[in-house]
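Undergrad: The structure's right below; bear with me while I get my questions together.
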Amino acid sequence: MKGLIHIYCGDGKGKTTASIGLAVRAAGYGMKIVFTQFMKNNSSNELKILKQIDNINMIFCDREFGFVWNMTEQEKEDAKKEYTKQFEKVIDYAVKNDCDMLVMDEFMSCFELQFIDNRKALEFLKNKPEKLEIILTGRNPSDELCEIADYITEMKKIKHPFDNGVNARNGIEM
């Protein structure tokens, strides 16, 4: 089976949830998955379940940087180094371990902010192993990423409780 590239994007809730659902479905079929998150603190509750699934390998950044608008220039440089290292580690793992699926949650933010080498990322996506299914999430995918993608699904916010001061709730948003 030829692997395809999926993008879950938009300003609505559900991008990460959709990518996790696809990873669980693939794992249930016996596929080997590598899952990573950029720009997050890796403490979301769905990760607890993913860690229990034998054929899902999770790779995370060793450091947390917080929101980009709160970062100093030095922190941005440090984030670029760490996220580049993380990106290289996950693609190396996926290739060397003959994985069937690679999920890169919040990839679009790293790409847009150039916290990873965009040229290398595009080169990898264009020349990925034939069977590797790739799932990318985040807001505002670039035209280059949209051109490469086989699926693009947009989650559009119509209404969200956060707009009325309701913070993220355990078990629902995190």
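The values are calculated or read from the model by the stated rules, or taken from the named source; none is laboratory data. Small disclaimer: the values here were computed from a predicted structure and weren't measured. Every residue, glycine as well, gets a Cβ built from its backbone with ideal geometry; the counts of neighbours run over all protein chains shown. These area figures cover heavy atoms from the full protein model, side chains too; ligands, DNA and RNA do not enter into them. Shrake-Rupley method; radii C 1.70, N 1.55, O 1.52, S 1.80 Å.
Undergrad: Taking the Cα centre of the chain as origin and charging only Cβ (+1 Lys, Arg; -1 Asp, Glu), how large is the dipole, in debye to the nearest 20?
TA: On the way: 25 positive and 28 negative charges, 92 e Å.
In debye, rounded to 20, the chain gives about 440.
Undergrad: Also, quick follow-up: Compute and list, largest first, the equivalent-ellipsoid semi-axes of the chain from the alpha carbon gyration tensor, each √(5λ) rounded to a whole angstrom.
TA: 23, 20, 17
Undergrad: As I understand it, the dipole of the stretch 19-174 uses +1 on the Cβ of Lys and Arg and -1 on the Cβ of Asp and Glu, about the Cα centre. Which of Ile116, Ser19, Cys61 lies farthest toward its positive end?
TA: Ser19
Undergrad: Using θ = phi - 60° and the Karplus curve 6.51 cos²θ - 1.76 cosθ + 1.60, what whole-Hz ³J(HN,Hα) does each residue of the stretch 8-14 get, with Gly and Pro shown as x?
TA: 10, 9, x, 9, x, 6, x
Undergrad: Oh, and also: Could you provide, to the nearest whole Å², the per residue accessible area of the chain with probe 1.4 Å?
TA: Roughly 58 Å² per residue, with all protein chains present.
Undergrad: For the chain, with a Gaussian network of springs between Cα atoms less than 10 Å apart, report the residue from Met101, Met39, Met58 with the top mean-square fluctuation.
TA: Most flexible of the set in this elastic network: Met58.
Undergrad: Then there's this: Between the stretch 1-80 and the stretch 112-138, how many Å separate their Cα centres?
TA: 14
Undergrad: Also: Per the helix-only calculation at 222 nm, which mean residue ellipticity applies to the chain, given -39500 (n - 2.57) for every DSSP H run of n ≥ 4 and division by its residues, nearest 500 deg cm²/dmol?
TA: When only DSSP H runs of four or more count, the value is -11000 deg cm²/dmol.
Undergrad: Roughly speaking, to the nearest percent, how much of the chain's 1.4 Å accessible area is carbon and sulfur?
TA: With neighbouring chains kept in place, the figure for the chain is 48 percent.
Undergrad: Residue-wise, which Karplus ³J(HN,Hα) couplings in Hz belong to the stretch 126-132, taking 6.51 cos²θ - 1.76 cosθ + 1.60, θ = phi - 60°, and x for glycine or proline?
TA: 6, 10, 4, x, 4, 7, 6
Undergrad: Further, regarding this structure: May I ask for the equivalent-ellipsoid semi-axes of the stretch 124-169, computed as the square root of five times each C-alpha gyration tensor eigenvalue and listed largest first in whole Å?
TA: Three semi-axes, in Å: 32, 12, 9.
Undergrad: Convert each backbone phi in the stretch 147-160 into a coupling constant with the Karplus relation 6.51 cos²θ - 1.76 cosθ + 1.60 (shift: θ = phi - 60°), then list the ³J(HN,Hα) values in order as whole Hz, x for Gly and Pro.
TA: Along the stretch 147-160, the couplings run 5, 6, 5, 9, 10, 9, 10, 9, 9, 10, 6, 9, 8, 8 Hz.
Undergrad: With only Lys, Arg, Asp and Glu charged, each at its Cβ (+1 for the first two, -1 for the last two), find how big the charge dipole of the stretch 1-49 is about the Cα centre; round to the nearest 20 debye.
TA: Dipole about the Cα centre, nearest 20: 100 debye.
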